[in-house]
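Structure first, then comments.
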Amino acid sequence: MIRRRSALRRALRNVRHGRMQRTLSAATAASTVPLTFEVYLEHYKGSFGDKWEWVPIALAPAVVAAGAAGVVSERAARTWLPFTSGLYGACGLAGTVLHARGVHRRPGGFGEPTYNLVMGPPLLAPGSLGLIGAMGMLAAVMRRER
């Protein structure tokens, strides 16, 4: 019980002082895996109709590796993690544009929102990649935990 309290106090002190590099690196690596699985399943349902649908799946191993390396190495957290996370975030931004284009191309486009926003590509889903990318880039500017 005492160990838990001291660990909790130390974690809270790290957060208060902006020392979250390892935590954000681990969160980036851990959250990329289930998101990539979901992206794969959704794009598989659409038969990977566009070659760009493979990009988030291809980038995921690099983001996971950089996040895991960022947990053990401050240098990796300041170099590789922001680079791969930036690419992943940019992929999310491009995906949002491509998904909007996909909704627009459906019969009726945005004029039939009750159908096309539900049955078309999920308009804001690629934003999840952007959030994970931002989390990895934020890890680079945070201080290391003690």
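Bear in mind that the values in this text are calculations on the coordinates, not laboratory data. Not measured: the values here are computed from a predicted model. Cβ coordinates were reconstructed from backbone atoms using ideal geometry, including for glycine residues, and neighbour counts include every protein chain displayed.
Key figures for this structure:
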item: Scope the range 88-100; condition crowded, with 20+ Cβ neighbours inside 10 Å and out of contact with any Pro (no Cβ under 9 Å at 6 or more places or on another chain); matching residues; result: Gly89
item: Single condition Tyr115 does not satisfy, out of (1) surrounded by 15 or more Cβ atoms within 10 Å (Cβ to Cβ); (2) aromatic (Phe, Trp, Tyr); (3) over 10 Å from the mean Cα position of the chain (by Cα); result: (1)
item: Any hit, the range 105-116, residues being more than 19 Å from Met20 (Cα to Cα) and among the basic types (Lys, Arg); result: yes
item: Sole residue being in a helix (DSSP H, G or I) and in contact with a Gly (Cβ under 8 Å, 6 or more places away or on another chain), chosen from Leu117, Leu98, Leu93, Leu138; result: Leu93
item: Members of the range 21-38 found to be in contact (Cβ under 8 Å) with a residue 40 or more places away in the chain and either more than 18 Å from Leu81 (Cα to Cα) or surrounded by 21 or more Cβ atoms within 10 Å (Cβ to Cβ) (or both), listed by number; result: Gln21, Leu24, Ser25, Thr28, Ala29, Thr32
item: Selection status of Val39, out of contact with any Phe, Trp or Tyr (no Cβ under 9 Å at 6 or more places or on another chain), within 30 Å of Arg16 (Cα to Cα), part of a helix (DSSP H, G or I) and among the hydrophobic types (A, V, I, L, M, F, W, C); result: no
item: Subset of the range 10-45 [of a type in the set (Gly, Ala, Ser) and touching a helix residue (DSSP H, G or I) at 6+ places or on another chain (Cβ under 7 Å)]; result: Ser25, Ala26, Ala27, Ala29, Ser31
item: The lone exception for Val103 - which of (1) surrounded by fewer than 16 Cβ atoms within 10 Å (Cβ to Cβ); (2) part of a helix (DSSP H, G or I) it fails; result: (1)
